[in-house]
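One structure, as structure tokens, below. Some questions next.
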Amino acid sequence: PFFQLCMGVRWGLPASPENLLFLKNTLPGDAPWSVLGVGRAQLPMIAIGMLLGGHVRVGFEDNLYLAGGQLAESNAQFVARAARLADELQREIATPDDARRLLGLG
């Protein structure tokens, strides 16, 4: 299975480094996983997720703002920011074919 860890959703687990580490540590050791952060938790959660070796999910479904009340114009802005962060953290970015394979879609 592929695990999606959803952080910061109302009535769910708060988005914190401690909670993300706890969830990650409860997964089977070889399980692929991804994290998303809702709202203002998006950027911190994807940064920590990348540092912990996970995959990330970003986009309008989880957040409408890039920063400080600035509405995003497209999902592409969130993806570009995540890609820049991955590059800075020396994480390889999955190609569409890589993602399909990882998710068992092709």
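Show the residue pairs meeting these rules: Cβ distance below 7 Å; 6+ apart or different chains; first residue within segment 4-26 and touching a residue at least 24 places away in the same chain (Cβ under 8 Å); second residue of a type in the set (D, E, K, R) and in a loop (DSSP other than H, G, I, E, B).
Close Cβ pairs (under 7 Å, with a partner that is of a type in the set (D, E, K, R) and in a loop (DSSP other than H, G, I, E, B)) amount to Gln4/Arg57.
Restricting attention to segment 52-73, does a residue exist that is open to solvent by less than 70 Å² (accessible area, probe 1.4 Å), closer than 27 Å to Arg101 by Cα and either among the basic types (Lys, Arg) or in a helix (DSSP H, G or I) (or both)?
No - not one qualifying residue is present in segment 52-73.
Only one residue in Arg81, Arg40 is under 13 Å from the mean Cα position of the chain (by Cα), open to solvent by less than 60 Å² (accessible area, probe 1.4 Å) and basic (Lys, Arg). Which one?
It is Arg81.
Please work out which residue is farthest from Leu51 (Cα to Cα), limiting yourself to segment 7-32 and to residues that are over 16 Å from the mean Cα position of the chain (by Cα) and of a type in the set (D, E, K, R).
The residue in question is Arg10.
Within segment 85-106, can you find the residues that are part of a helix (DSSP H, G or I), surrounded by 11 or more Cβ atoms within 10 Å (Cβ to Cβ) and under 16 Å from the mean Cα position of the chain (by Cα)?
Those that are part of a helix (DSSP H, G or I), surrounded by 11 or more Cβ atoms within 10 Å (Cβ to Cβ) and under 16 Å from the mean Cα position of the chain (by Cα): Leu85, Ala86, Asp87, Ala99, Leu102.
The values are calculated or read from the model by the stated rules, or taken from the named source; none is laboratory data. Computed from a prediction, not measured in an experiment: that's the story for all the values here. Positions of Cβ are backbone-derived with ideal geometry, glycine not excepted, and every protein chain shown enters the neighbour counts. These accessible areas exclude ligands, DNA and RNA; they are computed on the full protein's heavy atoms, side chains included. Shrake-Rupley method; radii C 1.70, N 1.55, O 1.52, S 1.80 Å.
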